[in-house]
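Every number here is computed from the coordinates shown, using simple stated rules; none is lab data. Computed from a predicted model, the values in this text were never measured in an experiment. Here Cβ is always computed from backbone atoms with ideal geometry, including for glycine, and neighbour counts include all displayed protein chains.
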Amino acid sequence: MKTPRITEREFQAQVVQLARLCGWLVYHTHDSRRSAAGFPDLVLVRETVLFVELKVPPNRLSPDQTAWVERLRGAGQAACVWTPDQWGEIELTLR
């Protein structure tokens, strides 16, 4: 089944809602204009920490976003790039 087209803002709201329902603390920088370019959209904390970048196709990672994800992973952190078509995997991860 094809996922209906949604905006990144709508997708983020869905992920944040599910994360909070599942007991995660959620951090999102609401105005990133004065923050480091490319930092992931969400930081989720429960028994672990997840750094999450959200993308709705056809949007792609910028070079700065790719650098952050790769550096975080290289430092042993869980850094994910999630798209709406991964909803089943997102649910499993957050539950």
Check: Charges only on Cβ, +1 for Lys and Arg, -1 for Asp and Glu: so what's the dipole of segment 8-94 about the Cα centre, in debye to the nearest 20?
Finding: 260
Note to self: Expected output is a single nm value to one decimal: the length gained when fully extending between A75 and R60, i.e. 0.36 nm times separation in residues minus the C-alpha distance. What is it?
What the structure shows: 3.1 nm
Next item on the list: Mind sorting out which of (i) 1.73; (ii) 0.94; (iii) 1.02 is the real Rg/Rh (Cα atoms, Kirkwood Rh) computed from the coordinates?
Entry: (ii)
Next item on the list: Considering Cα pairs under 8 angstrom that are at least six residues apart, work out the relative contact order of the chain and quote it in whole percent.
Entry: 28
Margin query: Full-extension gain between T29 and W87, please, as 0.36 nm times their residue separation minus the C-alpha to C-alpha distance.
Written below: 18.6 nm
